[in-house]
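What follows is a single structure, written as structure tokens, with notes after it.
The values are calculated or read from the model by the stated rules, or taken from the named source; none is laboratory data. All of these numbers come straight from a predicted model, not from anything done at the bench. Neighbour counts run over all protein chains shown; Cβ positions are idealised from the backbone, glycine included. These accessible areas exclude ligands, DNA and RNA; they are computed on the full protein's heavy atoms, side chains included. Shrake-Rupley method; radii C 1.70, N 1.55, O 1.52, S 1.80 Å.
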Amino acid sequence: MLGAQGAALARGLRGLTHSWRRDSRALALVRAAGAARAGHGQPPAGPGPRRRRLSLSAAAVVDSAPRPLQPYLRLMRLDKPVGTWLLYLPCTWSIGLAAEPGCFPDWYMLSLFGTGAVLMRGAGCTINDMWDRDYDKKVIRTANRPIAAGDISIFRSFLFLGGQLTLALGVLLCLNYYSIALGAASLLLVITYPLMKRITYWPQLALGLTFNWGALLGWSAIKGSCDPSVCLPLYFSGIMWTLIYDTIYAHQDKRDDALIGLKSTALRFHENTKRWLSGFSVAMLGALSLVGANSGQTAPYYTALAAVGAHLAHQIYTLDIHRPEDCWDKFTSNRTLGLIVLLGIVLGNLWKEKKTDEVKKSIDSRIEN
């Protein structure tokens, strides 16, 4: 009798032990899952995959902003800053070319134009999304844009646009009178270029005319007026560059665009895209070479142009226009291309001082002799 009771008690204890172990394992799993959801930054002990660390990318910064503010930041495309770079870089080229021989570009102007690029790119995106809200709903890639998704009303978009343009005007008023008038003249392009995709297969040309206005404005902000021999070929080279990268960009949406009746150079060129891009690349490099000749550029500048040519050749040769992911990668790589041009301008300008010093020493030695 006692033996039977003892056996039953032992079985009961073993059952409780197994139940406790199962509960402990379940609690441990729940705690681990909770820690993963909380995003603890501590890596696990020993070998194994590391958890995602804190990201300082533009998209992560926007995601960490207060929730009511996030739709407005996305409307400005602050989570996708490559477009701001592509607007800003032609300004930096112009400012760099206008610098005195042997000097770095004007840092105040670079910061001023950087602020203006963020504001004007945001204003342009706001205008674009207001015009295209009905079209954006029909395109997979753009359906979640704040206006198309209903996160921001048209009235609030107007108010937000007014705030951006007011701040941009404040930046513009920091420049000389010639540059104020020149900058104000670009507003018509900013407002109308989003409409071009309804009218022509060349909306990328309209974007190029708009996005590269800084190639004129940067020089005038330093010099007080434009030098046509430098500014016009620089502006033209920027337009060719925009035709390259935005045609690649447009290939992401060509199927949806064709279905809803929008036009682009991607639809115009079709399988001949690489030939057109090659022609635009030759025109861009030719114009930049003319800029160098007219501004007295030196060896580092032309070395940078050679690197730009290699970059464009690789970009076009490896481009797969039927893969949206590859089109996006090639599009974003143009920020690097623009920075190479800027580096060539800065180093080429610094090289001028060395070259000038050598000439002076040669002249002095001749006079002494």
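Going by what's in this entry, would Gly102 be described as in contact with a Leu (Cβ under 8 Å, 6 or more places away or on another chain), at positive phi and surrounded by 14 or more Cβ atoms within 10 Å (Cβ to Cβ)? When the stated conditions are applied, Gly102 passes them.
Can you find a residue that is surrounded by 16 or more Cβ atoms within 10 Å (Cβ to Cβ), touching a residue at least 24 places away in the same chain (Cβ under 8 Å), in a helix (DSSP H, G or I) and touching a Phe, Trp or Tyr at 6+ places or on another chain (Cβ under 6 Å) anywhere in region 317-327?
First, the residues of region 317-327 that are surrounded by 16 or more Cβ atoms within 10 Å (Cβ to Cβ): 319, 321, 324, 326-327.
Right, trim to touching a residue at least 24 places away in the same chain (Cβ under 8 Å) and you get 319, 321, 324, 327.
With the extra rule that they be in a helix (DSSP H, G or I), the set shrinks to 324, 327.
Now drop any that are not touching a Phe, Trp or Tyr at 6+ places or on another chain (Cβ under 6 Å), which leaves none.
No: zero hits.
Would a scan of region 329-337 turn up a residue that is over 19 Å from Tyr88 (Cα atoms), open to solvent by 30 Å² or more (accessible area, probe 1.4 Å) and not basic (Lys, Arg)?
In the first step, residues of region 329-337 are kept if they are over 19 Å from Tyr88 (Cα atoms); the result is 329.
Subsequent filtering for residues that are open to solvent by 30 Å² or more (accessible area, probe 1.4 Å) retains 329.
When the remaining residues are screened for being not basic (Lys, Arg), the result is 329.
Within region 329-337 (the criterion being over 19 Å from Tyr88 (Cα atoms), open to solvent by 30 Å² or more (accessible area, probe 1.4 Å) and not basic (Lys, Arg)), the answer is yes, since at least one residue qualifies.
Among residues of region 112-141 that are touching a residue at least 60 places away in the same chain (Cβ under 8 Å), those with a Cβ under 8 angstrom from a residue that is outside any helix (DSSP H, G or I), sequence gap 6+ or separate chain, pair up as Leu112/Cys174; Leu112/Leu175; Asp132/Ala148; Tyr135/Leu262; Val139/Asp253; Arg141/Gln252; Arg141/Asp253.
The listed residues are Leu290, Leu347, and the only one of them that is more than 24 Å from the chain's Cα centre (by Cα), in a helix (DSSP H, G or I) and within 30 Å of Gly102 (Cβ to Cβ) turns out to be Leu290.
Looking across region 292-309, the residues that are without any contact (Cβ under 8 Å) to a residue 60 or more places away in the chain and either touching a His at 6+ places or on another chain (Cβ under 6 Å) or open to solvent by 60 Å² or more (accessible area, probe 1.4 Å) (or both) come down to Ala293, Tyr302, Thr303, Ala306.
If you check Leu342 against the conditions, is it at pLDDT 95 or above, open to solvent by 30 Å² or more (accessible area, probe 1.4 Å), more than 16 Å from Leu234 (Cβ to Cβ) and hydrophobic (A, V, I, L, M, F, W, C)? When the stated conditions are applied, Leu342 does not pass them. Looking across region 171-183, the residues that are open to solvent by 60 Å² or more (accessible area, probe 1.4 Å) and not aromatic (Phe, Trp, Tyr) come down to Leu173, Cys174, Ala181.
If you go through region 266-285 and keep only what is in contact with a Leu (Cβ under 7 Å, 6 or more places away or on another chain) and hydroxyl-bearing (Ser, Thr, Tyr), you end up with just Ser281.
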